[in-house]
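The values are calculated or read from the model by the stated rules, or taken from the named source; none is laboratory data. Keep in mind that what you see is a predicted model, and the values were worked out from it rather than measured. Here the Cβ positions follow ideal geometry from the backbone for every residue, glycine too, while neighbour counts run over all protein chains shown.
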Amino acid sequence: MDKIKVGKSQVETAPLGLGTNKVGGHNLFPNLSESDGLETVRAALESGIQLLDTAYMYGKGRSEELIGEVIADFPRDQVIVADKAAHDFSSGDIVLNNDPQFLKKSVDDALKRLNTDYIDIFYIHFPDENTPKSEAVGALQELREAGKIRAIGVSNFTLEQVKEANQDGYVDIVENYYSLIHRDEEEKLFPYLKDAHISFVPYFPLEKGLLTGKYTKDMTFAENDSRSKDEKFTGKLFQSTMEAVDILRPIAQRHHVDVLQIVLTWYLANPSLTAVIPGARNAGQIPGIVQSAKVELSKEEYDLIDRSFSTL
Ligand SMILES: NC(=O)c1ccc[n+]([C@@H]2O[C@H](COP(=O)([O-])OP(=O)(O)OC[C@H]3O[C@@H](n4cnc5c(N)ncnc54)[C@H](OP(=O)(O)O)[C@@H]3O)[C@@H](O)[C@H]2O)c1
């Protein structure tokens, strides 16, 4: 995979990465196995994946610790660690905090948990209400000058908030929700990012499994399954998503792969995206993810997929 430059920074990464909220993210997902998490990260790095997307919020630092354990066995320059912070648990509640001192302490603490000297990409995970965005990003710029981080990101920021954060031109990358069925950022955010030379990474690229091809129209979910209360897994949106996924099946057959690879390949071919970070629950899911980098869609196939999902 050709490497892609992150914003105006010196960071370069292979575009297919790994999302790690299921690596140690016990506060977000029940019954996670840490040994599965460790094996997932190791399998990803051994398969040539470089970009690991983590956050303090994933297990209150546990995801960072597990990643730190695995990357110690790999040459540091072969791994691109993307990390995030903003959740402040110090009052007993979860409060979003972008205060410069809080961000600086978050980076210092994360470096210890990751057992490394620098973090390649550091995102403000969510905006807070009070801190001027350029002050928060200014703190990250100081951390960059100190060699503790290499690229500056913001996540879950609106277009206006990204503009404010990028007042001094320091922002390299944005990570927001975007998928084949959630295209809100295309109209306004993407043109601004292109003009400002800011990279974009989507989260939820597989829509929590909905776009892997493993679900079909006739499926229903038990009352105690959280998907039975999620409109994406029920009702009209579920039906139309499954109809669009059916359009991918013959394309997948033509390339001798599954729907999941076609979906990931579509993101890799999308000129507005810098990288894609599908999440995996266990090492067994890594080969399927990695296979997507070997598929090449024709322009007709790319456009057909684009059209089929853009009207949902
Ligand atoms: N910045 C933010 O605020 C933010 C928010 C959310 C997520 N993120 C990041 O984005 C990443 C991606 O999001 P996500 O992991 O929540 O969702 P996702 O990538 O849309 O979906 C991940 C799910 O896809 C399924 N999957 C993956 N590989 C598979 C395979 N080979 N075969 C079958 N199924 C497969 C698994 O489902 P099962 O679990 O059913 O096996 C996995 O849990 C996260 O890990 C995290 O790093 C960032």
Matching option when the condition is surrounded by fewer than 16 Cβ atoms within 10 Å (Cβ to Cβ) and out of contact with any Phe, Trp or Tyr (no Cβ under 7 Å at 6 or more places or on another chain), among PRO278, PRO271:
PRO271
Can you tell me which residues in region 124-158 are of a type in the set (A, V, I, L, M, F, W, C), assigned to a loop (DSSP other than H, G, I, E, B) and away from the ligand (no atom under 16 Å from the Cβ)?
ALA146
Of SER310, SER272, which residue is modelled with pLDDT under 95, more than 15 Å from the ligand (Cβ to nearest atom) and closer than 25 Å to ILE173 by Cα?
SER310
I'm trying to understand the selection: among the residues of region 194-220, which are under 22 Å from GLY153 (Cα atoms) and of a type in the set (Lys, Arg)?
LYS194
Any hit, region 199-210, residues being at pLDDT 90 or above, surrounded by fewer than 15 Cβ atoms within 10 Å (Cβ to Cβ) and not in a helix (DSSP H, G or I):
no
For region 43-59, give me the residue count where each residue is closer than 19 Å to MET1 by Cα, in contact (Cβ under 8 Å) with a residue 24 or more places away in the chain and surrounded by fewer than 24 Cβ atoms within 10 Å (Cβ to Cβ).
5
From the list GLU185, GLU175, which residue is at pLDDT 95 or above, closer than 30 Å to GLN141 by Cα, part of a strand (DSSP E or B) and of a type outside the set (Val, Ile, Thr)?
GLU175
Residue check: is ALA283 touching a Gly at 6+ places or on another chain (Cβ under 8 Å), at pLDDT 95 or above and within 16 Å of the ligand (Cβ to nearest atom)?
no
Among the listed residues THR40, THR13, which satisfies the condition of being within 15 Å of the chain's Cα centre (by Cα) and either buried (at least 23 other Cβ atoms within 10 Å of the Cβ) or more than 10 Å from the ligand (Cβ to nearest atom) (or both)?
THR13
Which of (1) over 23 Å from LYS112 (Cβ atoms); (2) within 15 Å of the ligand (Cβ to nearest atom); (3) acidic (Asp, Glu) does GLU46 not meet, given it meets every other one?
(2)
Inside region 191-225, the number of residues satisfying the requirement of being under 22 Å from the mean Cα position of the chain (by Cα), small (Gly, Ala, Ser) and either within 15 Å of the ligand (Cβ to nearest atom) or under 23 Å from GLN261 (Cα atoms) (or both) is 3
Residues of region 43-63 being in a helix (DSSP H, G or I) and over 23 Å from TYR123 (Cα atoms), which ones?
ALA43, GLU46
Specify the residue that is farthest from ASP117 (Cα to Cα); the eligible residues are those in region 71-95 that are assigned to a helix (DSSP H, G or I) and within 19 Å of the chain's Cα centre (by Cα).
GLN78
